[in-house]
């Protein structure tokens with residue numbers, strides 16, 4: 001299985017959240033990505049999400065996404081992603097668990113209905129076609145819990161994994177950051193790809209200090225030559 005974060009989509013032109021050029025630059029997360037911020041000013045929050053959707057719509061899956069999709073076909077790989085951009089699915093992956101939701105899916109704040117909305121933003125804020133209440137992006141905001149079913153499935157898979165890949169994530173966001181440690185405890189071989197050293201590198205049999213695309217090329221070659229043991 002693989003745990004992926006914002007670093008894998010960076011090479012597709014999608015900014016990470018923190019640091020220079022990140023989505024949070026010049027603002028505070030609590031102004032844009034909390035339930036309180038949304039109900040205080042839904043139009044402001046939606047303008048920000050429409051801007052993000054425009055950036056993501058121009059992005060294409062990169063070689064790292066493609067290799068993971070290939071590994072799914074060859075090795076029954078599952079992907080657990082912290083990303084909301086949908087690039088894994090566009091690369092051909094089907095076994096994808098989205099821990100933080102999906103920016104192309106909307107959710108009614110009243111009746112709870114969810115629906116796909118892959119096009120450009122229209123009138124904002126959007127409304128639920130069923131009951132007319134405000135609709136929000138179906139993503140996890142600060143102060144909210146992760147989807148119960150997705151989280152439960154992720155922990156179950158971590159216990160069964162033979163190889164656990166960690167690609168493009170800082171390893172600081174809980175509870176996702178705990179998954180490689182669980183897999184390691186159940187005997188998995190942990191492999192980490194990241195430009196900077198992370199807490200997961202300390203438990204990894206293989207740490208490839210590289211960007212996601214070239215790093216995943218090396219991972220694939222290693223697994224082809226040596227297998228999971």
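The values are calculated or read from the model by the stated rules, or taken from the named source; none is laboratory data. Remember, it's a predicted structure, so these values are computed and weren't measured experimentally. Using ideal geometry, Cβ is built from the backbone for each residue, glycine included, and neighbour counts are taken over all protein chains shown.
The figures follow:
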{"item": "Residue 186 vs. criteria more than 22 Å from residue 65 (Cβ to Cβ), at pLDDT 95 or above, in contact with a helix residue (DSSP H, G or I) (Cβ under 6 Å, 6 or more places away or on another chain) and surrounded by fewer than 17 Cβ atoms within 10 Å (Cβ to Cβ)", "result": "yes"}
{"item": "Selected residue (only one of 175, 180 is within 21 Å of residue 8 (Cα to Cα), buried (at least 18 other Cβ atoms within 10 Å of the Cβ) and either free of Cβ contacts under 8 Å to residues at least 60 places away in the same chain or touching a helix residue (DSSP H, G or I) at 6+ places or on another chain (Cβ under 7 Å) (or both))", "result": "180"}
{"item": "Considering residues of the stretch 117-135 that are out of contact with any helix residue (DSSP H, G or I) (no Cβ under 7 Å at 6 or more places or on another chain) and touching a residue at least 24 places away in the same chain (Cβ under 8 Å) only, the residue farthest from residue 104 (Cα to Cα)", "result": "133"}
{"item": "Qualifying positions in the stretch 141-175 - in a helix (DSSP H, G or I) and either modelled with pLDDT under 95 or more than 15 Å from the chain's Cα centre (by Cα) (or both)", "result": "148, 149, 152, 153, 155, 156, 157, 158, 159, 160"}
{"item": "Failed condition for residue 118, given (1) crowded, with 18+ Cβ neighbours inside 10 Å; (2) assigned to a loop (DSSP other than H, G, I, E, B)", "result": "(1)"}
{"item": "Test result for residue 111, touching a strand residue (DSSP E or B) at 6+ places or on another chain (Cβ under 7 Å), at pLDDT 95 or above, assigned to a loop (DSSP other than H, G, I, E, B) and over 28 Å from residue 11 (Cβ atoms)", "result": "no"}
{"item": "Considering residues of the stretch 80-98 that are touching a strand residue (DSSP E or B) at 6+ places or on another chain (Cβ under 8 Å) and over 21 Å from residue 171 (Cα atoms) only, the residue surrounded by the fewest Cβ atoms within 10 Å (Cβ to Cβ)", "result": "95"}
{"item": "Checklist (1) within 16 Å of residue 79 (Cβ to Cβ); (2) in contact (Cβ under 8 Å) with a residue 60 or more places away in the chain applied to residue 146, failing item", "result": "(2)"}
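Per-residue answers, yes or no, for (1) at pLDDT below 95; (2) in a strand (DSSP E or B); (3) within 17 Å of the chain's Cα centre (by Cα); (4) under 30 Å from residue 210 (Cα atoms):
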residue	(1), (2), (3), (4)
69	no, no, yes, yes
93	no, no, yes, yes
102	no, yes, yes, yes
123	yes, no, no, no
